[in-house]
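Report on the structure given below.
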Amino acid sequence: MSKNFFFLIPAAALIAVSGCGDQKIVFNGEVHRGELTYEYQIAEDTTTEVVEVLVDRGGWAGAYVKEISHPEVAVAGANGAYRLEIKVPRKLGFPGADSYTLQAWASSNTTPVLSSDERISNYASARPGENIYVRPFLLVYHTVEETGGE
């Protein structure tokens, strides 16, 4: 056997351990539209009652999701579902999970009641090649309702 054959054995083992092709991570999840209403009552007396009511209105179509250190952006579909695929550097061996910060927001141009491009963050851990589910985002817009002081 030649020397070249013995060189190919470690090279083949290294390729098998590190994998082939682009390394990527896929984040799947949902963006929900929440409404936070402040209800208060003004009465003739000295007491004022404030009640906060948070309601999940379902998926937020058109919301954006991005991992803060990567350029890729996903847009939520009709039911608020998104799929964000990011490219990550190749790592040799069996790499540990890295931490990622995902942010979701809805453009203030499409939703005038939402603060200007307010971003909500979720955190996830993933390894190259994984396809993981991220807990849902809840983007909240605010309304104020005054109830009569009867």
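The values are calculated or read from the model by the stated rules, or taken from the named source; none is laboratory data. Keep in mind it's a predicted model, so treat the numbers as computed, not measured. For neighbour counting, all protein chains shown are included, and Cβ atoms are generated from backbone atoms with ideal geometry for every residue, glycine included.
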Inset, instruction - Filter region 88-104 down to residues that are assigned to a loop (DSSP other than H, G, I, E, B) and within 15 Å of A124 (Cβ to Cβ), then give me how many there are. - result: 3
Legend entry - Within region 130-150, considering residues that are at pLDDT 90 or above and surrounded by fewer than 17 Cβ atoms within 10 Å (Cβ to Cβ), the one nearest to V51 (Cα to Cα): P136
